[in-house]
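Since the structure comes first, as structure tokens, the remarks are kept for the end.
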Amino acid sequence: MEEIVRAENLKKTFTLSKKQRKIEKTTIGRKTAVDGLSFSAYRGEIYGLLGPNGAGKTTTLRLLSTLIRPDAGDASVCGRSVTKEAYKVRDKIGFMTSELKLEGFFTPDYLFGFFGRLHGMDESLIRRRKEDLFARFGIDKFAEVKVQDLSTGMKQKVSLVVAIVHDPDVVIFDEPTNGLDVLTAKVVTDFLCELKAMGKSVILSTHIFSLVEKLCDRVGIIIDGKMAKDGTLDEVWAGKTLEDRFFEIYHTVTGETI
Amino acid sequence: MKLLALMKKEFVRFFSDPKLLINMLLPGILIYIIYSLMGNLIWQDAKEYKFVVAQTNAPEQIVAMTTAAVSGNGWSIEFQSGVQDAKERVEKGELTAYVVFPEVFEEKIGEYDAESGTPAPQVELYYRSADEESMSFFTLFTAVLDGYEHGKSNKFDVNAGGEKYDFSEETNVFATTMGRMLPFIVVALVFSSCMGVTLESVAGEKERGTLATVLVTSVRRSHVALGKVVPLSCVAAIGALSSFLGVVLSLPKLAGMAVGDLVASYGFTSYLLLFLLIMSVIPLIVAAIAALSTYAKSVKEASAYTSIVMIVAMVLSIAAAVVQSIGSWTVVVPILNAVVAMQGVLTLNISVWQSLVSVGLNLVYAVLLVLLIAKMLSSERIMFGK
């Protein structure tokens, strides 16, 4: 198996503002979001980061997508370091998260071309890719409608195709089915399986057990910024349901019983 | 390619939104309409002058020269001698003006030695600058005296005594003030034009998360910064030029002059320097607002920062308009250098080197700000800090 993504001892700490300290009910000025996280993802596999809210899943994905830099440790995507070769990493990944938005004023058609050009693609390649992806996601009928006038599901689809306009080797999704209706969620999950079949690597974060069970080849359970368990689904399940196994691990790490 | 795509997006955003286009062009059109209407209301009665001027000891040659000059403008003049209480009558508006020459004026200027240190013979001209007719006579008569003096090798002075010759209120010296205030008005218009496009495009995009979507691609941060500043400067230039033209075309009407007269009073160099100065200020202001917008977390916060900078720029511009003599050190102060240079151009005291240095320095400052924006775009604390 070809290792596509490798995270080694990643650590990220944030300074908390006064407001954040109040929300977190703490007097400590810093919070460690990711604490020595290591894992590997392989070509043609879907890797799922599973954990409760605030566990550090999104921070891990932001580190991998070079939006933020780790305080310690490093990660590589297709052999490129996220700390030393961020620009090259960005060419290899497609990142989709709710914090990245598309300008509502523009149409899907324009935005697809715009982001294609930002990735250095030539016009004929952009056109071919657009025809393929727009048809696959049913965007072609809405290609000339401004994004602000599209439904939530259609906006999500447009965000997805824009994120992968350059046909990246690694696709990183933060909570891919969040806020989607069942039909759109199905289109997205089917597409993730297609990406896997095409030999792409997908890393996603979620707190939905069924999504991990359905899609993922490997899973990493993150609790309080640490990797509590990492491996193939069979290794992590250990003969139990994923849900039971998760709460067992959660209890072992935190001492809390849910 | 990537830079072009970024720039093109900003142009498309602007030129395909009629609301933005109207917002940009409307101020200039409104300024022109409002100022022109005001000018027409103020000057509608000032069509034909019939000067009635009291004189004492006026030489025949000067009377003849003045009469010829007045006739040349299509007006008429009546010189009156031995008028009682002439000054009071000028002040009351019963007379256009009152000119007083020393006795045997021509002999005195013939004998006068400019290097002797003794005061030159004086001509006194009492008038009201607030009154259009009186002011017009003053302008015309001093021009006649200048011509006469030129022929006599500077043998006398006009209104050199300590008396009050201008019976107008200070507040009515409109035209001069406007001439000095124009650079301030230009900076204010340019600033508001730049604010209109930059805040929304930079702080707005950051707040909505659309800028982060661009940052996750492999495009360089310096390209993102340039991709904002260059097209936004072009767009702001359209708005600023619209407002500037509105002011320049309507001010002469407000001051009761023909646009052609104003245009003719400046040469090609003046216009070129004015254009360059305005064009150098635009990218500087856009880059400054873009830098503040990049730093700010929201449009609201960026507006607050920008307002402070705008107030500072306005205060400096007003100071430059009010202070009579300002040091050459201002050439290194961004925006202020352009204001001072523009004043020089508009008051026909052009300093070409000062104008060109100001243009160059403002562009250098703009480039430095672009680099600062690129640096900030790379900062996760600024771009992604909660």
Inset, instruction - Looking only at the range A:127-145, decide whether some residue is modelled with pLDDT under 95 and either within 11 Å of chain B (Cβ to nearest Cβ) or under 16 Å from the mean Cα position of the chain (by Cα) (or both). - result: no
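Looking at this structure, is B:Tyr35 in the same structural domain as B:Val214 (by TED's automatic domain parsing) and aromatic (Phe, Trp, Tyr)?
Against the criterion (in the same structural domain as B:Val214 (by TED's automatic domain parsing) and aromatic (Phe, Trp, Tyr)), B:Tyr35 qualifies.
Across the range A:54-70, which residue is farthest from A:Pro176 (Cα to Cα) among those that are of a type outside the set (Ser, Thr, Tyr) and facing chain B (nearest Cβ under 8 Å)?
Ranking the candidates gives A:Arg69 first.
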Inset, instruction - Looking only at the range A:80-89, decide whether some residue is over 23 Å from the mean Cα position of the chain (by Cα) and over 19 Å from A:Lys200 (Cα atoms). - result: no
Legend entry - Extreme residue, surrounded by the most Cβ atoms within 10 Å (Cβ to Cβ), among residues of the range B:348-386 that are free of Cβ contacts under 8 Å to residues at least 40 places away in the same chain, more than 19 Å from B:Ala288 (Cβ to Cβ) and away from chain A (no Cβ under 14 Å): B:Gln354
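Collect the residues in the range B:218-252 that are of a type outside the set (A, V, I, L, M, F, W, C) and under 15 Å from B:Val190 (Cβ atoms), keeping them in residue-number order. Give the steps one after another, and end with the answer.
Of the residues in the range B:218-252, the ones of a type outside the set (A, V, I, L, M, F, W, C) are B:218, B:220-223, B:227-228, B:231, B:233, B:239, B:242-243, B:246, B:250, B:252.
Within the range B:218-252, B:Ser233, B:Gly239, B:Ser242, B:Ser243, B:Gly246 meet the criteria.
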Inset, instruction - Working only within the range A:16-43, note down all residues that are out of contact with any Leu (no Cβ under 8 Å at 6 or more places or on another chain), closer than 15 Å to A:Ala228 by Cα and within 14 Å of another protein chain (Cβ to nearest Cβ). - result: A:Ala33
Legend entry - Qualifying positions in the range A:108-142 - outside any helix (DSSP H, G or I) and surrounded by fewer than 20 Cβ atoms within 10 Å (Cβ to Cβ): A:Gly120, A:Met121, A:Asp122, A:Gly138
Legend entry - Of the criteria (1) over 23 Å from B:Arg381 (Cα atoms); (2) more than 10 Å from every other protein chain (Cβ to nearest Cβ), which one A:Gly73 fails: (1)
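Give the number of residues within the range A:146-176 that are within 14 Å of another protein chain (Cβ to nearest Cβ) and assigned to a helix (DSSP H, G or I). It would help to see each step written out before you state the result.
Of all residues in the range A:146-176, those within 14 Å of another protein chain (Cβ to nearest Cβ) come to A:146-148, A:155-156, A:158-174.
Next, from what is left, pick out any that are assigned to a helix (DSSP H, G or I): A:147-148, A:155-156, A:158-163.
Of the residues in the range A:146-176, 10 are within 14 Å of another protein chain (Cβ to nearest Cβ) and assigned to a helix (DSSP H, G or I).
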Inset, instruction - Select the strands (runs of 3 or more DSSP E) contained entirely in the range A:1-70, then report the ones holding at least 3 residues which are more than 28 Å from B:Arg220 (Cβ to Cβ) and touching a residue at least 60 places away in the same chain (Cβ under 8 Å). - result: A:30-42, A:46-50
Inset, instruction - Return only the number of the condition from (1) closer than 24 Å to B:Glu149 by Cβ; (2) modelled with pLDDT of 80 or more that B:Gly72 does not satisfy. - result: (2)
Legend entry - For B:Phe15: the one exception among (1) out of contact with any Leu (no Cβ under 9 Å at 6 or more places or on another chain); (2) free of Cβ contacts under 8 Å to residues at least 12 places away in the same chain: (1)
Legend entry - Of all residues making up the range B:208-233, the number that are more than 10 Å from every other protein chain (Cβ to nearest Cβ) and over 20 Å from B:Leu368 (Cβ atoms): 0
Inset, instruction - Within the range A:78-85, identify whether any single residue is at the interface with chain B (Cβ under 9 Å from one of its Cβ atoms), in contact with a strand residue (DSSP E or B) (Cβ under 7 Å, 6 or more places away or on another chain) and more than 30 Å from A:Val253 (Cβ to Cβ), and answer yes or no. - result: no
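I'd like to verify a number: residues in the range A:201-217 that are more than 20 Å from A:Leu63 (Cβ to Cβ) and in contact with an Asp or Glu (Cβ under 7 Å, 6 or more places away or on another chain), how many?
Narrowing the range A:201-217 to residues more than 20 Å from A:Leu63 (Cβ to Cβ): A:208-215, A:217.
Then drop every residue that is not in contact with an Asp or Glu (Cβ under 7 Å, 6 or more places away or on another chain), which leaves A:209, A:217.
Number satisfying all stated conditions: 2.
The values are calculated or read from the model by the stated rules, or taken from the named source; none is laboratory data. Quick caveat, the model's predicted, so the values are computed rather than measured. No Cβ is skipped: glycine too gets one built from the backbone with ideal geometry, and neighbour counts run over all protein chains shown.
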